[in-house]
Each structure stands twice: as C-alpha cells, then as structure tokens.
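Below is one structure; the comments refer to it alone.
Derivation of every value follows stated rules applied to the coordinates shown; laboratory data play no part. Bear in mind the structure is a predicted one, so any value in this text is a computation, not a measurement.
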Amino acid sequence: MALKMRICYVINAFAVGGAEFVVCNVARSLGPGRSDVPVLAMLDPAGDADTPMRRRFREAGVAAASVTVGSFRNPLDLLRLALFFRRGRFDVVHAHNRPSDGWAVRVAGWAGVPHRL
C-alpha cells in the first residue's frame, strides 16, 4: 500500500481569481486516494465566511482552511502559521500569490516541512 502524500496549497484568499482556480483544479485532480490536499488562505479578509470560491473548493472535495496573518511582522501570526504547518505534518507546501508565497515557504521551513515551493 502506497503512502499518501500530504500537500498544502497556499493562496492569499478564497477570492475568485486565476491562481485560486488553478489550485482548485490541481488539488481536485490529485484525488482523495493519492494525496491529502488542503488549501490554506493566509490573507483572507473574509476569514471562514462561505464565499463563492470557498464553496467551489468544497464542491470539488478539497478542504479549505484559513490562518489569517494580519502582519508578517507579528511573531504570533507567524507562529500560528508555523503551528498549522507542523500539525498538518505536510510533505509539501506549494504556495501561490505574493506575498503569501514567500512567507509560506519560509515559515514552512521553520515548521520542518521538507519540500517547499
């Protein structure tokens, strides 16, 4: 039996946009049998609100989570993000959109995620 790969995709927000559609399609195409793939929004002003894009992820069978980073200068926000990555025991963090991509890759490294892009 093959092990599932734990991948976390990171986007800015669950807003309708190009990167969000790409992430939704890629996460859905991996399928639940081959990987565990949540999508994390780091700068989502809507938080956990049921936005149209969040519904699209849910309908595609892709888990959606939010860890709102109010400021990349706030150590507590970065700690909450690191704890999310550590608790998820992800093999890969794949980030999209600036500025979330740079910070997600850096913080995932601090959290011990072996592969980041």
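Among A104, A49, A19, determine the one that fluctuates most according to a GNM of the chain built with springs between C-alpha atoms less than 10 Å apart.
Fluctuation is largest for A49.
Can you list the HN-Hα couplings for the stretch 110-116, worked out from phi with the Karplus curve (6.51, -1.76, 1.60; θ = phi - 60°), rounded to whole Hz and with x for Gly and Pro?
So the J values, rounded to whole Hz, are 4, 7, x, 6, x, 10, 9.
Could you list which residues have their amide H under 5 Å from that of G17, counting only those 5 or more apart in sequence or on another chain, with H placed in the peptide plane?
none
If the elastic network links every pair of Cα atoms under 10 Å, which of R87, R28, R56 fluctuates the most in the Gaussian network model of the chain?
Most flexible of the set in this elastic network: R87.
In whole Hz and in residue order, list the ³J(HN,Hα) couplings for the stretch 53-69 that follow from phi through the Karplus curve 6.51 cos²θ - 1.76 cosθ + 1.60, θ = phi - 60°; x for Gly and Pro.
Coupling constants for the stretch 53-69: 6, 4, 4, 4, 4, 4, 5, 7, x, 10, 5, 10, 9, 10, 10, 6, 9 Hz.
I need the phi-derived Karplus couplings for the stretch 73-90: 6.51 cos²θ - 1.76 cosθ + 1.60, θ = phi - 60°, integer Hz, Gly and Pro marked x.
8, 8, x, 5, 5, 5, 5, 4, 5, 4, 5, 4, 5, 5, 5, x, 6, 6
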